[in-house]
Every structure is written in structure tokens, then in C-alpha cells.
Amino acid sequence: MDPWSEIEGKRAHDPIFQNYFSQNCRQSVDGFCKKRSADAAVARAERCIRVLGPIIVGAGPSGLAVAACLKEKGVDSLVLERSNCIASLWQLKTYDRLSLHLPRQFCELPLMPFPAYYPIYPSKQQFVAYLESYAARFGICPTYNRTVVCAEYDEQLQLWRVRTRATGIMGEEVEYVSRWLVVATGENAEVVLPEIDGLDDFKGTVMHTSSYKSGGAFAGKRVLVVGSGNSGMEVCLDLCNHNANPHIVVRDAVHILPREMLGQSTFGLSMWLLKWLPVHVVDRILLLIARTMLGDTAQLGLKRPTIGPLELKSLSGKTPVLDVGTFAKIKSGDIKVRPAIKQISGRQVEFMDTRLEEFDVIVLATGYKSNVPFWLKDRELFSEKDGLPRKAFPNGWKGENGLYSVGFTRRGLMGTSVDARRIAHDIEQQWKARGKHPGVLL
């Protein structure tokens, strides 16, 4: 017998539905979100909200992309967001001067291009405005201030149970139940803090780049930036432009490429070359051009990895630095490069080359990580080690029992768009198959 035909009997013995049925299980949610359409596929109870469409965890670009693709196919979804806004990483945890590192055509979400008047590299404010317009166009209204504390598949009911807690010390707990669960919390859900001897006792100011906004507050101060990725490099440039005295810790080898080569974006040139040439050949071309434009970066303490930038990105997810002016400041001596830190004592930092220097501020540009293992009870689709799909792109978007992932491709918003379309198409096929029986809760 089809398990969906047995659902009534199973729910009758399930305590989570006892209050649910007493409140009329097919009653539409009034006031759940003022902007949601009248036909939103959601019903509620005191302790449990039954979602007829998919549950999407995360209202960043990835979650919005899936919700929009589903909406286009006539499938409503419920988007849960722990913060109070969409794209909370962009709005609340990025520095003021941030702009897209790639040209806008490579950062568009499905079904809606950027406005034609936007610059090639939209600013943070412009990108957020684009996302807000995107959500409005597709009628996406997330449920804010809802942190998912646990999500697991109920084998008996063949449904996903997603337990959430409202923001606040005594936040209300609500459980959402659905046939489908889309994980869209992304690769950058939680900050990564390094273990450095003496860091906790540093006598100056310590902050992660998620709290850094502008170098204006650090004029005249000696600032040590730990981390040499795009964020670390750009924060150093911002500090330099605000008359601070920045130093940057470069622990590992790093690829620095000009943001533009031969009159076009480096990324665009790479994508064009990859149509005709293998990755290792394209890497050689990019490095040859970079050396011609920048010189030997190793002489300034910026050694290059033995693996080319594109191959390294594919293997490890490590993105090359697309230079927007930082390298010139390093070359002029306005930004000083330092090796890894050995230990910290008071305001004094000892580096691996035995040099000792004092600093007023330490900025940790040490990146982010996935938080999926902390709340998702699944060991098949996601790795417990790093919280990323076990299978590499393009095969990591779908798991078992209606579980999906989006925003974990290590290929930016281009990868997000590909996976969002696949997820929406897959769910649409199942939705249509069950849509012939409107009396059955899916």
C-alpha cells in the first residue's frame, strides 16, 4: 500500500498531531505572513506547523534562488531564517567597501538579471537591493528569527521534522513538518576562529572580519590582519586608505591575480579559455599574465602554491585573491607582510621568523564554515567533518528522502543557480504527481 494512504492512521498515534487535528489540519494559516499569497500551502497548530511545500532553511541568495524557482513552477515553500533579514551575511557581517569580486553576469540568480545600469562589479548595497527586489518579485516572505536547532527524517511518517527556536533567551519552540527539506545555510554560516597561543589575553582589540565595517575607527593604529584571502587583502587596503598602519599575516602560499587581464575580467577570461583548453593549460596562461603584470610575488612574502589557481579552487575550494589595489600597497611598503604567528603576549606578537612587534588591533580574516552538522541529523548527503556535501559538484545537490542542498558547490552563485533549478525541477515532478489528490496532505 502507498505509505501516503496510511498517513491518517499513523498520525492518529503521533503526539505531534494530536493538537494539530483538534485545530483543523486543513485550515490555512491566516496572518502567518501578510505578504504570502492566499493559496500558500501551509497549515498550523499550536506546536506544529504542517508545510505542504518544501521547507528551505536559510534566506540567503541560495535559499531565495530555490524559493523563486519553485514559485515559478507553482510550488510554494516555507523559508526559515535565523536572522531578521534576507542575506544576513551580506547585510550584517560584511565590511562597507565590499563589492562583488566577479562581474555581475556571473552572480545573477535564476530568472532575474541585474539592472542594466548596475556597474560591472556591484557594491554590497546594490547587491542587497537586488536580492530584496528578487524576493519581492517572486513573493518570497521568509519566517524570520527562527533558528533551526534540529532537523531529522521521521521514517514512520516519511516526513522531515524541523524543530526551531525563536530568537531570545526563552524563545518559543515550533516544529515544522514537510515532505521536503532544502538546506540553504551555505558554506559561510559560522565564523572560523584560529587557535593562537596568547590570543585570548591580547591587550588590544580583537575582532573577526564579520564585525569589521570600516578602517575609519583605526586611523593611526597598528593593525595586524590574520588571513590572506580576498577579505584579508581588502581589509588591509581599507585600513591603508584610512591612514592606519596595516600588517598582514600570510601563513600559506596564495595565488594573487589581477582582477582584470587583457581588458576583461580574469574570471571571464578563464571561463572563455576553459571552453577550448584543459585546466592546467589555462592556469599556466593566467600565471604567465599575472607574473607579467605583478612581477614575482614571492619576493614580497607571497609565495604561490605549486598547484595552479583554477585547479586549486576545484580541489580544495580555496579561491585565488583577485587584486583590487592591495598588491600595489604591499609593493610600496604601505602594507607589510608577516609570516605565521608563534605567540602573543600582551600587545606583543612574536612571528615565526622570531620578529617581535606590538599592535593595537588584531583583525581575524580567517573565514567561515558550514554549521550543518550541528543541526541536521543526516550522515549520507553531508559530511560530518566539514558540513559540505560528500559528493562534489555537480552531484551534491540531492540526498535521500526529499533532502536537498544548495549553496555548497564552492562555485559561488553560478553553482547555486545550477542546483536551485535542479532542485525545483525535481520537487515539481513529485508535486505534480501528488497534486492530483488535493485532499491528501503531502
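The values are calculated or read from the model by the stated rules, or taken from the named source; none is laboratory data. Small disclaimer: the values here were computed from a predicted structure and weren't measured. Cβ: placed from backbone, ideal geometry, glycine included. Neighbour counts: every protein chain shown. Surface accessibility is based on the protein's heavy atoms, side chains included, excluding ligands, DNA and RNA. Shrake-Rupley method; radii C 1.70, N 1.55, O 1.52, S 1.80 Å.
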- Message: Run the numbers for Ala328 and Val279: contour at 0.36 nm per residue of separation, minus the present Cα-Cα distance, in nm.
- Response: 14.8 nm
- Mean separation of Cα pairs under 8 Å and 6+ residues apart, divided by the residue count of region 192-367: what relative contact order is that in percent? 38
- May I ask for the net charge around Asp96, where only other residues with Cβ less than 15 Å from the Cβ of Asp96 are counted and Lys, Arg are +1 while Asp, Glu are -1? +2
- Task: May I ask what percent, to the nearest 5, of DSSP beta bridges between residues of the chain are antiparallel?
- Result: 50
- Taking the chain as a Gaussian network, Cα atoms linked when under 10 Å apart, which of Glu81, Glu152, Glu357 shows the biggest mean-square fluctuation? Glu357
- Once you put a point 7 Å from the Cα of Met112 and another 7 Å from the Cα of Glu172, both along the Cβ direction, what distance in nm separates them? 2.9
- Query: From the square roots a ≥ b ≥ c of the eigenvalues of the alpha-carbon gyration tensor of region 80-230, which class results: rounded (a/c under 1.5), prolate (a/b over b/c), or oblate?
  - Reply: oblate
- Task: State, to one decimal in nm, how far the label point of Met414 lies from the label point of Thr205, with both points 7 Å from Cα in the Cβ direction.
- Result: 3.8
- Item | Sequence-distant lysines (8 or more away, or on other chains) whose Cα lies within less than 19 Å of Lys275 | Lys313
- Message: Regarding region 260-313, what's the average projected area of the Cα-atom convex hull, expressed in nm²?
- Response: 3.8
- Item | Of (i) 24.3, 75; (ii) 21.7, 66; (iii) 23.3, 79, the label for Rg and Dmax of the Cα atoms in Å derived from the coordinates | (i)
- Item | Peptide ranges 301-307, 363-369 listed from the most packed, as the mean C-beta count within 10 angstrom indicates | 363-369, 301-307
- Note on the structure: In region 192-367 the accessible area split gives carbon plus sulfur, as whole percent at 1.4 Å, a share of 51
- Note down the magnitude of the dipole of region 192-367 about its Cα centre, charges +1 on Lys and Arg C-beta and -1 on Asp and Glu C-beta and zero elsewhere, to the nearest 20 debye. 380
- Selection from Val57, Ile362, Val279 lying farthest towards where the dipole of the chain points positive, charges on Cβ: Val279
- Query: Do the sum for the chain: with -39,500 (n - 2.57) for every DSSP H run of n ≥ 4, divided by all residues, what is the mean residue ellipticity at 222 nm, to the nearest 500 deg cm²/dmol?
  - Reply: -8000 deg cm²/dmol
- Enter the accessible area per residue of the chain (Å², integer; probe 1.4 Å; all protein chains in place). 47
